[in-house]
Amino acid sequence: MADSSWNPAAAESNWGTDDMKSALADITPAANSTPPTGPPKNEEALKIAREAGWVQPMAHNYKATAPITILNGDASEAQPDAAQAAEGDGAEDLKVSTYRETTWSHDAKRSEWKEEYGDVGPRDEQLERDLFHGEHINRAGAKLDNLVAVKVSVESATRVQPIKSFNDAGLHPVVLENIKLCGYAHPTPIQAYAIPAVLKNYDMIGVAQTGSGKTGAMLIPVISKLMGKAKKLAAPRPGPNFDPMVDRVRAEPLVLIVAPTRELCCQIFDEARRLCYRSMLRPCVAYGGAPSRDQIAQLQRGCDILIASPGRLIDFMSKPHVLSLARVRFTILDEADEMLHDDWVEEMGKIMGGGDANTDGDHRYLLFSATFPKRLQKLAGKHLSSDYIHVSVGRTGSVHINVKQNIVWCDQDKKMQALYELLISMPPSRTLIFVKFKKTADFVDDYLYNLGLPSTSIHSDRTQSEREDALRSFKSGQQPILVATGVTARGLDVRNVMHVVNFDLPAAEYDGKNEYVHRIGRTARIGNEGLATSFYNEKDEPIGPFLTKILLETNQEIPEFLQHFKPDDGALNFEEEEEPDFGDVVEEAAADGGDAWGAGDNTAAPAAEGAGDAWGNGTASAPAQEAWGTNGDADAGAGGAW
C-alpha cells in the first residue's frame with residue numbers, strides 16, 4: 001500500500017505558493033499585533049501557528065453585538081417582552097430598534113449630490129481613497145488572459161458587436177474615470193458583450209464563470225445610460241433641512257437589483273458606490289437582519305439604485321410611503337438561476353410585477369449568473385422581451401482554469417486533523433472553508449481557534465451584525481480563515497482569497513454540482529490564481545462523476561480513487577438532469593426574508609449554441625495532482641488513508 005500522506009514540500013512544488021506567501025501582505029501592522037481578547041488554551045499549538053506565519057487569533061466579543069432594545073431613545077439589554085409591547089402599541093420603524101449600535105454596510109459613505117453641482121460632482125479626496133484605494137479591493141491578476149481566452153456564444157435576433165476597450169464603448173466620461181479608478185484596464189468577455197447590449201436597450205441573460213466581472217457588466221452600462229438623465233427621471237430629493245423623524249419622502253429608484261443573500265447585496269452596493277462616484281445617482285442597499293429604520297432613513301435621503309434581498313424588498317414594497325417602483329427603468333437579477341427557482345416563485349412574482357411596478361415598454365430586465373440550467377433559462381424568457389440577448393461565456397456552469405483543484409481522500413473521522421495539518425503546511429493566506437451544516441461551522445471554528453489559528457465563522461443562525469463583523473475581519477486579514485456554510489457561496493468577492501477548502505463536499509442530490517462551482521469560484525477572481533482543496537470519501541461518491549468531468553475539462557490530473565469515473569469514450573457530457581423536490585431538506589433553506597440561498601438545478605447545463613463571436617479557447621497546463629491518500633479499495637488503486 002503506497003504511502004500518500006500529506007507532503008507540504010510536494011504540495012508547493014505542484015502548485016506555486018509564492019502568491020500565497022504574499023497574500024496577507026495587505027494586513028496592517030496594527031492587525032498583526034492585535035492581542036487576542038481570549039487566547040487559546042493550547043499554548044504549544046499557538047506557538048506552532050505563529051511560527052507558521054499565522055496572525056494572532058481573536059476571540060469574538062459576543063456581548064458587543066448582543067441585541068438591545070431602543071425605545072424612545074433609551075437603550076437597555078434586550079428585553080423581548082418590552083420589544084413585543086412596543087410592537088403591539090404600533091411603534092413605527094423610526095422609533096423602535098432591537099440592535100446594538102454597530103457599523104452597518106447600509107450606512108457606508110457614498111457621493112452625496114447637491115443642487116449646485118449640476119450633473120457631475122466635485123472630487124472628494126477622502127471618499128475617493130475610501131472607495132478606490134482601500135487595501136481590500138480586488139484587483140485583476142496576472143492570469144487575466146485565461147479569463148479572456150474562452151468561447152463566447154450569443155443567441156439573439158440582432159448581432160451584438162463586442163467592445164474591445166472601455167474607451168470605445170460610448171460610456172459617460174465620469175463612468176470611464178471611475179472604471180480607471182477601479183483599476184479595470186480591459187473589459188472581460190461578459191462585459192464586452194453586456195455593455196453594448198444594455199446601451200442599445202436590449203433585455204439580457206448573461207451567463208459567465210465565477211470571478212468574470214458580472215457585477216461590472218450589469219452596473220457599468222446602466223449607470224452610464226442614466227448619467228445626465230437622472231435629474232429628469234429621478235424622484236424629487238429632500239431639501240437641505242430634511243428631518244427623517246418629521247418629513248416623509250419615499251424612495252423611487254430608477255434601478256432595482258435583487259440578489260439572494262445579504263452578503264451579496266452589500267458587495268454589489270460597494271461596487272455601485274464606486275461606479276456612481278461624482279454622479280447624481282445615489283445607491284442604497286436593503287437587506288434583512290439589520291435595522292429597517294436606518295435603511296428607511298437612507299432611502300428617504302434619495303435612492304436611484306436600490307440593491308435588495310427579496311424579503312426586505314417585499315417588506316418595503318408593502319409600505320407605499322417608504323418605497324415605490326413606479327420609476328424603475330432597469331430590474332436586474334443577480335444569481336438569477338437562484339432567484340427564478342421554484343422556492344422563490346411567490347416573491348419573484350411580487351417583485352417582477354407586483355405593487356406599482358413600472359410595466360411600460362421602457363423597462364429593461366437583465367439576468368446574470370454563473371450557473372443557469374436550461375429549464376430556468378426558458379422560465380426567464382417569460383419576463384424578457386422577445387428580442388432579448390443571451391450571452392454565455394464558456395460552458396454554462398464551468399470552472400475556470402485559474403483554479404487549481406485538489407480532490408484528496410480523507411476519512412470522515414480524520415477531517416479535523418487533516419484540515420489543521422493542511423493549514424499549517426501551507427503559507428498563511430485568506431482561506432475559506434466550506435461545511436454542510438451550521439453546527440459543523442461552529443465546531444470547526446472552535447477547533448481551529450483552540451489550536452492557535454485565526455479563524456471566524458459565518459452562517460444563517462448568526463445575527464446580521466455578527467455576519468458583517470466576521471466578513472469585515474476576514475477581509476481585513478485580522479481573521480484570515482473563514483468557516484462558512486453555503487450562505488456565502490454565491491458571489492462573495494474578497495481580495496486575495498488564495499485557498500478554498502471543501503471540508504464537506506456539497507451533496508450532489510441537493511444542487512451540489514452548481515454549489516461546488518460557486519464555492520471554488522470564491523478564489524481565482526478576475527485573473528488571479530487560487531487553490532481549491534476538497535476532502536473526499538465514500539459518502540461523496542454521488543458527486544464523484546461530476547468532479548471527474550470538471551477535472552478533465554480543466555486539464556487537471558485525476559486522483560486514483562476517481563479514475564473509475566472517467567468516461568470510457570473520453571466525452572464530457574454535462575447534460576442537465578431532472579431536478580428533485582427539495583422541500584425542507586436543504587439546511588440553509590430560505591428563511592427570514594429569503595437571505596439564505598437554497599437549491600437550484602442539480603447539474604450544469606451545456607452552453608447554448610449561438611451565432612456569437614468567439615474569443616478563442618484557452619487551455620491550461622496540467623499541474624500534478626496532490627492527494628492526502630486514497631480509499632484503499634483494490635478497484636480504485638493504492639491507498640493510505642486518513
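The values are calculated or read from the model by the stated rules, or taken from the named source; none is laboratory data. None of the values given here were measured: they were computed from a predicted structure. With ideal geometry, Cβ positions are generated from the backbone for all residues, glycine too; neighbour counts draw on all protein chains shown.
General remarks:
- Breaking point among (1) under 24 Å from residue 230 (Cα atoms); (2) assigned to a helix (DSSP H, G or I), for residue 327: (2)
- Residue check, residue 297 among the aliphatic types (A, V, I, L, M) and either more than 26 Å from residue 179 (Cα to Cα) or surrounded by fewer than 24 Cβ atoms within 10 Å (Cβ to Cβ) (or both): yes
- Hits in segment 274-296 - residues which are under 14 Å from residue 112 (Cβ atoms), hydrophobic (A, V, I, L, M, F, W, C) and in contact with a Pro (Cβ under 9 Å, 6 or more places away or on another chain): 276, 284
- Those residues of segment 333-360 which are touching a residue at least 12 places away in the same chain (Cβ under 8 Å) and outside any helix (DSSP H, G or I), in sequence order: 333, 334, 335, 340, 341, 354, 355, 356, 357, 358
- On inspection, residue 379 does not qualify as buried (at least 24 other Cβ atoms within 10 Å of the Cβ) and outside the structural domain of residue 540 (by TED's automatic domain parsing).
- The one condition in (1) touching a helix residue (DSSP H, G or I) at 6+ places or on another chain (Cβ under 7 Å); (2) surrounded by fewer than 24 Cβ atoms within 10 Å (Cβ to Cβ); (3) basic (Lys, Arg) that residue 472 fails to fulfil: (1)
- Qualifying residue in segment 564-576 (condition: assigned to a loop (DSSP other than H, G, I, E, B) and modelled with pLDDT under 65): yes
- Of all residues in segment 467-483, none are farther than 22 Å from residue 271 by Cα and part of a helix (DSSP H, G or I).
- Helices (runs of 4 or more DSSP H) enclosed by segment 161-273 - at least 3 residues per element that are crowded, with 24+ Cβ neighbours inside 10 Å: 189-199, 214-226
- One residue from 395, 375 being basic (Lys, Arg) and in a loop (DSSP other than H, G, I, E, B): 395
- Unique match (being surrounded by fewer than 24 Cβ atoms within 10 Å (Cβ to Cβ), within 28 Å of the chain's Cα centre (by Cα), under 25 Å from residue 560 (Cβ atoms) and hydrophobic (A, V, I, L, M, F, W, C)) among 357, 418: 418
- The residues listed here are 165, 105, 111, 153; of these, the one that is among the small types (Gly, Ala, Ser) and modelled with pLDDT under 90 is 153.
- Candidates in segment 361-372 are the residues that are assigned to a strand (DSSP E or B) and more than 17 Å from the chain's Cα centre (by Cα); of these, the one that is farthest from residue 233 (Cα to Cα) is 366.
- Selection of segment 486-505 for residues being within 13 Å of the chain's Cα centre (by Cα), assigned to a loop (DSSP other than H, G, I, E, B) and modelled with pLDDT of 85 or more yields an empty set.
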